[in-house]
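Worksheet: one structure, shown below.
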Amino acid sequence: MLEKFAEAESLPWDDPWLLSLDLEYHNIDPSRGLFFQVKAGKRITDWNQSVRIRNASYRPPANSRAAGRSQAVAWFRDSELPYVINWDSISSGPQDILVMSDPFNTYTSEVTAFLRR
């Protein structure tokens, strides 16, 4: 889509107009994101709604830090301890924090060690 647009408008790849279109394509707001306006994208969205989102509610991606976060959620759900689980960290109390900065690391062994403490 961007290639055709750049060619039609004779734009170089670093043109701000192209960069803006790229950002709007990835805008997750269904009323504004260009992805949702593309007919093929609509079919993908329907498939995501019917299959992937339902599965993602119960099974995190096995190749990301979501695996470690879900491990912590399951453990803390059955615990009386206070906790906070953020996108990139897990904490139980102000001094006990596990930082998970690499989104492509599962952190499962680190989470296991963290939960044992």
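Each value in this text was obtained by applying a stated rule to the coordinates, not by laboratory testing. Computed from a predicted structure; not experimentally measured. With ideal geometry, Cβ positions are generated from the backbone for all residues, glycine too; neighbour counts draw on all protein chains shown.
Restricting the stretch 1-39 to chymotrypsin sites (Phe, Trp or Tyr not before Pro) that sit in a DSSP loop and have at most 13 other Cβ atoms within 10 Å of their own Cβ leaves Trp13. Using the Karplus relation 6.51 cos²θ - 1.76 cosθ + 1.60 with θ = phi - 60°, the per-residue 3J(HN,Hα) values for the stretch 5-12 come to 5, 4, 5, 5, 9, 6, 9, x Hz, with x marking Gly and Pro. Distance between the 7 Å Cα→Cβ label points at Glu7 and Val84: 5.1 nm.
Remark: the stretch 24-30, residue by residue, has Karplus-estimated 3J(HN,Hα) of 5, 5, 8, 5, 7, 6, x Hz, where x stands for each Gly or Pro and the curve is 6.51 cos²θ - 1.76 cosθ + 1.60 at θ = phi - 60°.
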